[in-house]
There are 4 protein chains.
Amino acid sequence: MKTLNLAMIGQGFMGRAHSNAFHQVNHFFDTAFNLNLNVVCGRDENKLREVASRWGWSETETDWRKLIDRPDIDVIDIGAPNHLHAEIAIAAAEAGKIVWCEKPLAMDVAEAERMVKAVAGKPNLVWFNYRRVPAIAFARQLIGDGRIGEVYHYRATYLNSSGLNATRGNTWRYKKETAGSGAAGDLLSHLIDLALWLNGPISEVCGLLKTFVPGREVDDAAITMARFANGSVGTLEATRYGTGNRNRNMFEIHGSKGALVFNLEDMNRLQFYDVNDAPENGMRTILATGPGHPYVNDFWPPGHLIGYEHSFIATLADFLKALHEGTEFHANFEDGLKVQKLVAAVEESAEKKKWTTLA
Amino acid sequence: MKTLNLAMIGQGFMGRAHSNAFHQVNHFFDTAFNLNLNVVCGRDENKLREVASRWGWSETETDWRKLIDRPDIDVIDIGAPNHLHAEIAIAAAEAGKIVWCEKPLAMDVAEAERMVKAVAGKPNLVWFNYRRVPAIAFARQLIGDGRIGEVYHYRATYLNSSGLNATRGNTWRYKKETAGSGAAGDLLSHLIDLALWLNGPISEVCGLLKTFVPGREVDDAAITMARFANGSVGTLEATRYGTGNRNRNMFEIHGSKGALVFNLEDMNRLQFYDVNDAPENGMRTILATGPGHPYVNDFWPPGHLIGYEHSFIATLADFLKALHEGTEFHANFEDGLKVQKLVAAVEESAEKKKWTTLA
Amino acid sequence: MKTLNLAMIGQGFMGRAHSNAFHQVNHFFDTAFNLNLNVVCGRDENKLREVASRWGWSETETDWRKLIDRPDIDVIDIGAPNHLHAEIAIAAAEAGKIVWCEKPLAMDVAEAERMVKAVAGKPNLVWFNYRRVPAIAFARQLIGDGRIGEVYHYRATYLNSSGLNATRGNTWRYKKETAGSGAAGDLLSHLIDLALWLNGPISEVCGLLKTFVPGREVDDAAITMARFANGSVGTLEATRYGTGNRNRNMFEIHGSKGALVFNLEDMNRLQFYDVNDAPENGMRTILATGPGHPYVNDFWPPGHLIGYEHSFIATLADFLKALHEGTEFHANFEDGLKVQKLVAAVEESAEKKKWTTLA
Amino acid sequence: MKTLNLAMIGQGFMGRAHSNAFHQVNHFFDTAFNLNLNVVCGRDENKLREVASRWGWSETETDWRKLIDRPDIDVIDIGAPNHLHAEIAIAAAEAGKIVWCEKPLAMDVAEAERMVKAVAGKPNLVWFNYRRVPAIAFARQLIGDGRIGEVYHYRATYLNSSGLNATRGNTWRYKKETAGSGAAGDLLSHLIDLALWLNGPISEVCGLLKTFVPGREVDDAAITMARFANGSVGTLEATRYGTGNRNRNMFEIHGSKGALVFNLEDMNRLQFYDVNDAPENGMRTILATGPGHPYVNDFWPPGHLIGYEHSFIATLADFLKALHEGTEFHANFEDGLKVQKLVAAVEESAEKKKWTTLA
């Protein structure tokens, strides 16, 4: 077993999710690495000590710059607000670190491009964790096996109702300066990453941004139509005003041979329709906990559900596998850049009120 | 086209459902018969006139005995309270009429046996209408084709919440004298008929009857365990106190090759699980409106739902087909008697607090 | 009771649905009118005779023009292909007939405007039948009562998979000359009518049309984003390539106080979310069959489902009520024109690849 | 923080679930204890080393007797096959250890009674982990608050399809000598524990046991009817032949004011029906991940699902809280004995084919 020494920047929700993954990955997966939780870094010292104590980080640090040149750190994991991603990631990469970064990768395309350059040739990761939800990984496998045939429609929604909670409006996620965008970067980015992963490149978008609260700096909802390179058409819709939903990251795909439906609020299930089932044809509600499903040997026996946190654990496991084998891991910064370009194209088209073609 | 002249006894809910079927059967099905709605019979003259006017009955009558010997009547349809079934049916049969009768067939086994004797050799029908719900008919077809293999479990519930409505307690359905029993005859009888039709004979039962309201004469809930001749075991549970449900006539069947689930509150769908689907195995939610499903050519194009009333229309259509072809129709009085015996066995076992073996 | 003498032009699917409604309306509703099924008109004489015989039409006719001046006809009901709507409706209106017309009202806005002028001051109806699905009518009532508050999002899909059936491509619905458009007029028109009825005027649209089969004359899919006058934003998506769905006319509405979800494939249910339910808050799955729901006293007791055909029956009942009371019925030709303008705007925006503002 | 030194006996599925809980409890909860994973004990040395290495147990041991008198062990956690529970637990308790034990508590009532005596006055726990599923804990809270009123019906099923997998038949769970019973102890015990916890004491049962495979020593299915002390009636049904289901631990409760439905295969949700919602009344599908739900502050933000393993973590957290505060924890050995008595009563009634009254 080799050792990876970790420093994590960020002490909020993502800090918890990442810390948990660092602890759990070797409980469930056979990786080639021991992970040392060396330093957790953030600005609120009291909270930082609490995080370190709870999750077993050896040290705390309030200035991320001090981490960059420490020889006892192999990995910089960035869970800080969006406006800090580029500066930290580039400094870390230039110092030779492995860099892991939360999504959206950057504040804009220019930043993302510089980040991609900086990590060139070095292992890197963007936490598009939903790719490793077993049901989604299984969906991709079915698509790859040709089970839904030629795709006609791709439809995705990411609905939560965080905007309804007025107290949230003061956090960094609602400020232009720290978040860059609202639902677009926070939620639509997830939809775009999954769309690219499951249905391939997007050639054109036509977007609509909406802010419901007067004076709010960022979009509350980001919607786009899309034309995919494979000839299919799509709609992607993200909102913080999806009353009645807490975390509905959902997609539906209709093809010539079948259809797929997934909803993160019901994340252990995949719905699959096979036209060959006729006349006994109906959406099959697959409990994607095995046997025969991705990651089933790693978590619990068939029928025993996993939760949100497991998507991070499986992402990390796959990264460590790729690191060990010297293969390329996805989603990496290049994937993050592709998403960034599409978010930018959606924003541009929304402003110009017409379609934008991707370069 | 031959003509059948009808007299219907009963002017309530079932009177409406039957009248509708008489009107609609030739709109949807190709039968060999014209149906004349000659006489509607009941005790409340004002209501009777309203029923006749609305549904196009030519005459009204308040004394069912006067119908029996009328030569212009071919069919006596009995929708009156349970305690009148036997007397009317036997008189009608002896007068050479075709007899149709609502369920439960009789007040007890002795009555039912006399009724079966009276109709011997003459076309007859019991309105176990749910056999002809397309999704249920499709379930039977899948069972017959061996698609669920050897059966292990049969589980059925009929849940409504009519008992919660205190005003219902004064109607005939809550009196021993007029209804004979409560949930047992009203709801459990439907479950038993479907169980026999879908899963074959029952050899033993062990029942439980419960009346929640002090002083009420009939059971509010009737539950039974059952051993089937095919080696499977079952539970059947009927109640008027199933808060949250209005008309949940549901069954689940688990076999060596698959499973089936149906719920009357979602009557256009059948759920089917095929063990051969693995690893893409999950309950298939089949919208049983065609193509390839029973009665689909008779009602609307695929995807267009039917409702409660269509089960009566399809039952009548199948009866008329059997009448024309000279074949035996089911559910008939013999089927009604089988159900009656099982209801009686459930009642006996509930009283004795032990299992009862069917003769 | 007054009498209305009917002539119906059209002998296909809609001919059946309308004929059924004409027969059934007085069985379920108390109207002030007897309906005489006088003449059914179509081009295929053999099929016409079959329709007349099955549904009780007194006469058949192959030339609709001969109907226009017959004094024994009060109502002309148009279920013919789209390209015939305008000519027939205008002739009938000018001859003083009451006119009922299938949707989409016309081939284009100009036709629709002439039709509106022609029927001015006379009772008229467009068969946007889904407004009278009880669950949808109940949704509108909840919206009207302020139960979902200020609306943020409106999302609608109409998904069937008729396009996958290659034999359908030869029917009139797939020809430019007879249908005018594909999914846009056939399916999106329903979504637009419901959107206007439930969420008010649309001020801007940005559409996308897609034809998957090379050489096909009409759109297979019609998608649009929309801005509503009330400040909400929406997506409406109609397709004949929605594999896995047969008739999914679905909407979701998110507001400040609640949310609503409906799906025609589950047409007896409405989902309703009330933010005041917290912490016991979740989508309520309402079986909209009463008590307390629209049309419940007209059809069957609570818990007994209705089907597709009942939406036509209830539409006709409401029209007859309005006719009797001298009030204005909706959806009428003016409503049909509004939909036509929006379909045209979607088509225009799709062609120009930018947003179109409604006049 | 005090320290608890743990020894765990068992190296299979439960060994993993417990080890995980020991690691995770302080990540999510604020407890007063550090847990040291001192010794893992089992019979397969190779597997044992693998378990110790993966989960961080300091030592391995193949003879559980050697653990009993070690002063460096505070807690004996028993995850061994059922036939070892009593001997280990009694020895551990007599040596002054805190004892945690998997369910079913014992092989029979006599064993369970001796175990209860042995742990008298000492902290003890039975791993009826489902009590701490947040949705179930929330159900109990609603019941306690009177939200479903007087209870009429309790209906529970535990359906998996493990029996269909022929290779399972050779494991200890299918042997009389090691498991004591089949579905009765393995699955029905969970249903009984939840029934007692949610609906109070059971006064009478009437059971049915079924073994589908000839020659198999234990029951494949265990079904019972039940009469509760509160006047409600119930059915509880557990089977390893529930084709189409993997882990369906489900209950439905109908009361005078509402209803509740839960299914472990959808463990983040609780369905709740409130009669006061009329006419907007329907099952509310509550995503029981907060806000306002049990354990929500401990795991992830609202809308982020938890999995199977979290039920063990929360159980342990509650035990540690009780230990710290000196209060009584449930489910403890006395609760395990109650379940054992009911399992025995079900078995007795199944054999005698009549109802058995609980002492």
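The values are calculated or read from the model by the stated rules, or taken from the named source; none is laboratory data. Keep in mind the model is a prediction, meaning the values are calculated, not measured. Here the Cβ positions follow ideal geometry from the backbone for every residue, glycine too, while neighbour counts run over all protein chains shown.
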Of C:Ala314, C:Ala288, which residue is closer than 26 Å to C:Val119 by Cβ, modelled with pLDDT of 95 or more and in the same structural domain as C:Lys257 (by TED's automatic domain parsing)?
C:Ala314
Looking across the range B:31-72 at residues that are closer than 14 Å to B:Ile9 by Cβ and polar (S, T, N, Q), the single one that is surrounded by the most Cβ atoms within 10 Å (Cβ to Cβ) is B:Asn38
Sole exception among (1) surrounded by fewer than 20 Cβ atoms within 10 Å (Cβ to Cβ); (2) at pLDDT 95 or above for B:Lys103, by number
(1)
Name the single residue, out of those in the range B:270-284 being touching a residue at least 12 places away in the same chain (Cβ under 8 Å) and surrounded by fewer than 19 Cβ atoms within 10 Å (Cβ to Cβ), that is nearest to A:Gly146 (Cα to Cα).
B:Asn276
Residues of the range C:210-225 satisfying the condition of being more than 9 Å from chain A (Cβ to nearest Cβ), crowded, with 19+ Cβ neighbours inside 10 Å and among the hydrophobic types (A, V, I, L, M, F, W, C):
C:Val218, C:Ala222
Does B:Lys321 fit the bill of being of a type in the set (Lys, Arg), surrounded by fewer than 24 Cβ atoms within 10 Å (Cβ to Cβ) and closer than 28 Å to B:Phe228 by Cα?
no
Yes or no: the range D:246-260 includes at least one residue that is under 23 Å from D:Arg147 (Cα atoms), of a type in the set (Phe, Trp, Tyr) and more than 13 Å from chain A (Cβ to nearest Cβ).
yes
Would you be able to say whether some residue in the range A:56-75 is under 20 Å from D:Pro301 (Cβ atoms) and at pLDDT 95 or above?
no
Matching entry among A:Leu187, A:Leu142, A:Leu198, A:Leu164 (being in contact with a Ser or Thr (Cβ under 9 Å, 6 or more places away or on another chain) and modelled with pLDDT of 95 or more)
A:Leu187
Which ones in the range A:76-87 are in contact with a strand residue (DSSP E or B) (Cβ under 9 Å, 6 or more places away or on another chain) and buried (at least 23 other Cβ atoms within 10 Å of the Cβ)?
A:Ile76, A:Asp77, A:Ile78, A:Gly79, A:Ala80, A:His85
May I ask you to say which residue of D:Arg132, D:Arg155 is touching a helix residue (DSSP H, G or I) at 6+ places or on another chain (Cβ under 9 Å) and among the charged types (D, E, K, R)?
D:Arg132
Scan C:Ala156, C:Ala139, C:Ala166 and give me the residue that is surrounded by fewer than 16 Cβ atoms within 10 Å (Cβ to Cβ) and at negative phi.
C:Ala166
Kindly check whether there is at least one residue in the range C:320-342 that is small (Gly, Ala, Ser), more than 14 Å from chain B (Cβ to nearest Cβ) and free of Cβ contacts under 8 Å to residues at least 12 places away in the same chain.
yes
With the range D:196-241 as the region, which strands (runs of 3 or more DSSP E) entirely inside it contain at least 3 residues that are of a type in the set (Val, Ile, Thr)?
D:233-239
Selected residue (criterion: nearest to the other protein chains (Cβ to nearest Cβ)) from residues of the range C:50-80 that are in contact (Cβ under 8 Å) with a residue 24 or more places away in the chain and among the aliphatic types (A, V, I, L, M)
C:Val51
Conditions (1) crowded, with 21+ Cβ neighbours inside 10 Å; (2) touching a Leu at 6+ places or on another chain (Cβ under 7 Å); (3) in contact (Cβ under 8 Å) with a residue 60 or more places away in the chain; number of the one not met by B:His18:
(2)
Candidate set: the range D:276-310, residues that are of a type in the set (Asp, Glu) and under 30 Å from D:Lys122 (Cβ atoms); chosen: the one farthest from the other protein chains (Cβ to nearest Cβ):
D:Asp298
Could you please give the count of residues in the range D:311-337 that are under 13 Å from the mean Cα position of the chain (by Cα) and farther than 14 Å from D:Trp127 by Cβ?
1
Answer residue from the range C:185-205, given it is within 14 Å of another protein chain (Cβ to nearest Cβ) and of a type in the set (A, V, I, L, M, F, W, C) and is surrounded by the most Cβ atoms within 10 Å (Cβ to Cβ) among those
C:Leu188
Could you check, for the range A:285-293, whether at least one of its residues is buried (at least 24 other Cβ atoms within 10 Å of the Cβ), among the polar types (S, T, N, Q) and closer than 27 Å to A:Gly146 by Cα?
yes
With respect to D:Val133, determine if the residue is among the aliphatic types (A, V, I, L, M), buried (at least 20 other Cβ atoms within 10 Å of the Cβ), under 29 Å from D:Phe299 (Cβ atoms) and touching a Gly at 6+ places or on another chain (Cβ under 7 Å).
no
Quick one: how many residues across the range B:280-302 are more than 28 Å from B:Phe22 (Cβ to Cβ) and touching a strand residue (DSSP E or B) at 6+ places or on another chain (Cβ under 8 Å)?
8
Residue that is farthest from B:Thr157 (Cα to Cα) [pool: residues in the range B:221-259 that are touching a Leu at 6+ places or on another chain (Cβ under 7 Å) and basic (Lys, Arg)]
B:Arg246
What's the number of the only condition in (1) at positive phi; (2) modelled with pLDDT of 95 or more that C:Val151 fails to meet?
(1)
Restricting the range D:140-159 to residues that are within 11 Å of chain B (Cβ to nearest Cβ) and part of a loop (DSSP other than H, G, I, E, B), the residue that is nearest to B:Asn276 (Cα to Cα):
D:Ile148
